Structure formats: C-alpha cells, structure tokens
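The values are calculated or read from the model by the stated rules, or taken from the named source; none is laboratory data. Owing to the predicted nature of the structure, the values given are computational and were not obtained by experimental measurement. Quick reminder, even Gly has a Cβ in these numbers, built from the backbone with ideal geometry, and neighbours come from all protein chains shown.
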Amino acid sequence: MSRASLKPARISAVLPGSLAAEVGIQPGEALVSINGERPRDLIDYRFLIAEECVSLEILNSQGIPRTVELEKGIDEDLGLEFETALFDGLIQCANACPFCFIDQQPPEMRATLHLKDDDYRLSFLYGSYLTLTNLPAAEWERIARLRLSPLYVSVHATDPELRSRLLKNPRAGLILEQLAWFRQHRLQLHAQVVVCPGWNDGDHLTRTLLDLAAFRRPVDGIPTVLSAAVVPVGLTRFRPPGDELVPVDAAKAREVIQQVETLQVGFRQTLGSTFAWLADEWYLLAGRELPPAEHYEDYPQLGNGVGSLRLFLSQFEQLKLPPELPSPLKVLWVVGNAVEQAFQPVVEQMNRIRGLQLDLLPIASQFWGQTLTVTGLLTGQDVLNALKSVENLAAYDGLLLPQIALKDGERFLDDLTWQEVQAQVGIPVVRVDGGPAGLVQAVQQLEQGYAYGTLCCSATLGRRETAPLTRPRTALSRGS
Ligand code: SF4
C-alpha cells in the first residue's frame, strides 16, 4: 500500500488536559498526516510526533480538513488514542497450523475471533506472537531501521522440515536463518514452542531448545533469543476432524516437565539463566507443585502464562489483608478448574477475614469440551451452567467474575456479556482484575456497595440493590 493511499487514523479518545485536547481535537475526528507524512500505524505515529514542532492534518467528523500546529517537548505525548494501532490494516497469517486455536472455534463466533493475525507491529507493541513467514523484504528492512525489538516469535521447532509441516508453510523452514538475521542486526526476541505430542516433542523439543539457547549466547554483549516458553497445545471439541493432534495428558505433562527441567539445569550452568520456562498449564496438567518465585527470574514470559500463577500467589502473600469486614459477606469466586488446587491457599487466607465467606466455583468448560480449563477460556454459558448447580445461589451477596475471561472488558468469548450473566443470576457481579489486590478490592467493593447502598440490580428482586462496579479492560491473548 502506498503512503498516499493510507486511510486516515480514526481518533477514539483525546486525553483530558492533553495537548490535543487544548487545541480542540475531538474523538471521532481522524489524523491524516504529521508534518506531511501519513503514519501507517502507531509505530510511525510515535516516531513522527517525536519533534518539537508538529503540524497535524486533521479531518473532522464531516470529512472537512484542517491543520493544527503544535509546539511541544520532543518526548511529549499528544494525548490521542486511536480505534486501532494498525491504520493500514492487519497483516494476516499465511500458515495453516493444525493446532490453530482460531480454527478450533465454532463458526458462529464473532468475526473478529476468526481473524488470524501474524503482524510484527502487534508483536512489538503488545507482545503477541508471530511466525515471520509472511514478511516481504520491505518489512524486514523496516524492523531493522526502526529497531523494533524485542519481538515475540512462535518457533515451535527449529528443524526446517518439521516447522514447515507444523505451520503448513514451506517458508517456515527459514527460522534458523531468520534468527541469524536478528543476531546480525543486534535485535532481540522472545520465543515460544507450542508442544504437540507426536510432532515436536521428545528429541525435537530438545533440539529446538538447544538451538534457541545457542542464540542466547551474547554477541558483542547482546543475546538474541532472550527467553523461550514451552506451552502445551490447547485443543477444543470444535477442532477439524483428522487433525492428527493428541491432547496433552498428565503423563505427557510429567514427561515434558522432566525433560525441560533437565535442560534448564544445563542452561543455568552455561547461560546463567533458566532460559526456557514451562507454562503454568504443564504443572496443573501434571498435578505438580508450581516452581518457587525465584525460578522465574524477572518473569520474561508472564504474558504467555509462564509464572503468572506463582506471581499471583507470591503477591497475595505480600498483601496485608483486613482483619475483618464491617458486615458479613458471602461471595462466590468463578475460576477455571485448572487453578482449583493452586488457589486453595488464597481461599483459606481470605476466609480468615472475619465476616467473609469466600467460596471458589471452579468450572470446566462444556463449551470447549475440556475437562481442565484455564480461567481465560471460560464462556458466559459455562458460568451460567455451573451456577445452576450451586445450592442456594440467592444466599450469596455477590459473584466475582474473572476479567481475563472478558475479551473486550465486557463480553465472554461466546458473546454473553457480564451484565447478561448478572441479570440471569440475580446477584451482584463484580469483575476481578489486577492480580490479588484486585481480588481483595472486588470483595471490598461488594461490601462497601452494600454498606453505602450504592449497588443496584433490577434482577435482584427483593434483595439489596446492586450495579456494575468496574470499568472494562482488555485481556491479553497468547496469539500465534
Ligand atoms: S496458530 Fe497462529 S500462525 Fe498458526 S495458523 Fe493459527 S494464527 Fe496462523
């Protein structure tokens, strides 16, 4: 796409008190150019506004152009937010991985959940994983020129033939040359390996991790591959027939843990870092204790579900819990059943707060057909079904829903909103966000809402009145 044909970037918000607000830029208007250059994405935008004088070409909501001149500090933000980070559209995936989660959804899921992104801009901006199989020379050149590092790369296997089979793309076999390109340009990346039993496990997994570790050794003081995450393949009942994939069971999980833990010992000796970390799901699937906090170093793969449970538990231990609640409160906390055991100490500690009864409701997803479900995959239907079997639900003062299962801050993957869940269950719902502090805050919000009579809920017939209490946030996804 040529620069001249780029669409203007639609402005979704203007931060109060910002430079953009001062000069009267409004949400709903669009940014055409900065100092005569049309940005193709948020990355261009950030580079282009890093000037002391900026001239913005703005279209108002009727499409009428105007120019806005601004003087600013070179690092000063304008205070604009955009509907999308990619003004020229999403770079889509060119692979056909049999384990692709997007192909394992029912066709009626909303259209945005069927988009297969494989876009290095999203990787740089938000840490989503990409495969590097769809980049023309100009995009490689841009990554090097703008120093877009670190990126997050789905490697899966370093053996060229195996990676091509896994991604169903002959270009996938170039991964080792591409890692060498990163090294040559002093750019860095984090890697992930999604383990599909019978495909890239066993000796292939060992080879892949050793190949990646070779790129961890610094050249001129700079390591290329900063970390690797080893993740079990996730399968649902909607996967295409004949995909030749086998789910990870407890025995396979124990085998992979032992294999990777053996390699980790060597990595710590040779690299001074554990380097390759196992996603939390392995320990949950195997019924094994999570490693201690120090195992995860600075948690380089937290967004990929590596160490997030340990971090939650460690942070919870640091919390100073209130000794009691001013008035008694009975609360039900919804989680995926994969974390049921891991969260028992949290529930026990919370129940030492006098006046609080916190009950865990661990749910396996019937929607996805999984016996062990991580919280982020729960659907609204799963929650409603599970609540049907809760004895005397009306005796609860509130329901805690995990924010991580609400993909746009409002709705579950099956499009049910948390408000619809609240309306159907007839008790107040509070979304839990932000780690263990968010859990305590959610309980306090429920308690304070009752104390000050600020909760209202049309569905609570005859009960205390209740209302939505938290603002929506966006959950992260694992990506390619
Ligand atoms: S898993 Fe990722 S790379 Fe593979 S087909 Fe799906 S979106 Fe593309």
* Asked: Picking from ARG431, ARG473, ARG464, ARG411, which residue would you name as being under 30 Å from GLY369 (Cα atoms) and at pLDDT below 85?
  -> ARG473
* Asked: Would you pick out the residues in segment 361-415 that are assigned to a loop (DSSP other than H, G, I, E, B) and of a type in the set (D, E, K, R)?
  -> GLU391, ASP397, LYS407, ASP408, GLU410, ASP414, ASP415
* Kindly indicate the residue of segment 224-260 that is assigned to a loop (DSSP other than H, G, I, E, B) and over 25 Å from the mean Cα position of the chain (by Cα) and also surrounded by the fewest Cβ atoms within 10 Å (Cβ to Cβ) among those meeting that condition. => PRO241
* Asked: How many of the residues making up segment 125-138 are within 16 Å of the ligand (Cβ to nearest atom) and farther than 19 Å from ALA228 by Cβ?
  -> 3
* Subset of segment 420-441 [among the β-branched types (Val, Ile, Thr), over 11 Å from LEU401 (Cα atoms) and outside any helix (DSSP H, G or I)] -> ILE427
* Output the number of the condition that LEU205 fails; it satisfies all remaining conditions of (1) away from the ligand (no atom under 16 Å from the Cβ); (2) closer than 18 Å to PHE275 by Cβ; (3) touching a Phe, Trp or Tyr at 6+ places or on another chain (Cβ under 8 Å). => (3)
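Scan segment 82-124 residue by residue and report those that are among the acidic types (Asp, Glu), surrounded by 15 or more Cβ atoms within 10 Å (Cβ to Cβ) and either in contact (Cβ under 8 Å) with a residue 60 or more places away in the chain or away from the ligand (no atom under 13 Å from the Cβ) (or both).
Just the residues of segment 82-124 that are among the acidic types (Asp, Glu), to begin with: 83, 88, 103, 108, 117-119.
Cutting the leftovers down to surrounded by 15 or more Cβ atoms within 10 Å (Cβ to Cβ) gives us 88, 103, 117-119.
Correct list: ASP88, ASP103, ASP117, ASP118.
Can you pull out the residues in segment 296-338 that are among the aliphatic types (A, V, I, L, M), closer than 25 Å to GLY355 by Cβ and in a helix (DSSP H, G or I)?
If the condition is that a residue be among the aliphatic types (A, V, I, L, M), closer than 25 Å to GLY355 by Cβ and in a helix (DSSP H, G or I), then LEU313 is the only one that fits.
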* Structure fact -> Taking first residues from segment 432-448 that are crowded, with 18+ Cβ neighbours inside 10 Å and second residues anywhere that are charged (D, E, K, R), the pairs with Cβ under 6 Å that are 6 or more apart or on different chains are ASP433/ARG473
* Structure fact -> Taking segment 182-202 and keeping residues more than 16 Å from the ligand (Cβ to nearest atom), part of a loop (DSSP other than H, G, I, E, B) and under 25 Å from GLN259 (Cα atoms) leaves PRO197, GLY198, ASP201
* Asked: Quick one: LYS320 ticks every box in (1) of a type outside the set (Phe, Trp, Tyr); (2) modelled with pLDDT under 95; (3) surrounded by 14 or more Cβ atoms within 10 Å (Cβ to Cβ); (4) out of contact with any strand residue (DSSP E or B) (no Cβ under 7 Å at 6 or more places or on another chain) bar one, so which box is it?
  -> (3)
* Asked: Only one of PRO160, PRO170 is free of Cβ contacts under 8 Å to residues at least 12 places away in the same chain and surrounded by fewer than 22 Cβ atoms within 10 Å (Cβ to Cβ); which?
  -> PRO170
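Yes or no, residue by residue, for (1) in contact with a helix residue (DSSP H, G or I) (Cβ under 6 Å, 6 or more places away or on another chain); (2) touching a residue at least 60 places away in the same chain (Cβ under 8 Å); (3) among the polar types (S, T, N, Q):
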{"position": "ALA364", "(1), (2), (3)": "yes, no, no"}
{"position": "PHE367", "(1), (2), (3)": "yes, no, no"}
{"position": "THR371", "(1), (2), (3)": "no, no, yes"}
{"position": "ASP382", "(1), (2), (3)": "no, no, no"}
{"position": "LEU387", "(1), (2), (3)": "yes, no, no"}
{"position": "GLN403", "(1), (2), (3)": "no, yes, yes"}
{"position": "GLU410", "(1), (2), (3)": "no, yes, no"}
{"position": "THR417", "(1), (2), (3)": "no, no, yes"}
* Regarding VAL260, is this residue in contact with a Gly (Cβ under 6 Å, 6 or more places away or on another chain) and either without any contact (Cβ under 8 Å) to a residue 60 or more places away in the chain or within 16 Å of the ligand (Cβ to nearest atom) (or both)? -> no
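Results for (1) touching a helix residue (DSSP H, G or I) at 6+ places or on another chain (Cβ under 7 Å); (2) modelled with pLDDT of 95 or more, shown as yes or no for each residue.
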residue: ILE175; (1), (2): yes, yes
residue: GLN178; (1), (2): no, yes
residue: GLN184; (1), (2): no, yes
residue: GLY198; (1), (2): no, yes
residue: LEU210; (1), (2): no, yes
residue: ALA214; (1), (2): no, yes
residue: ARG239; (1), (2): yes, no
residue: ASP243; (1), (2): no, no
residue: GLU261; (1), (2): no, yes
* Structure fact -> Residue set LEU372, LEU311; condition modelled with pLDDT under 95, closer than 26 Å to ALA191 by Cβ, surrounded by fewer than 20 Cβ atoms within 10 Å (Cβ to Cβ) and within 21 Å of the chain's Cα centre (by Cα); output residue LEU372
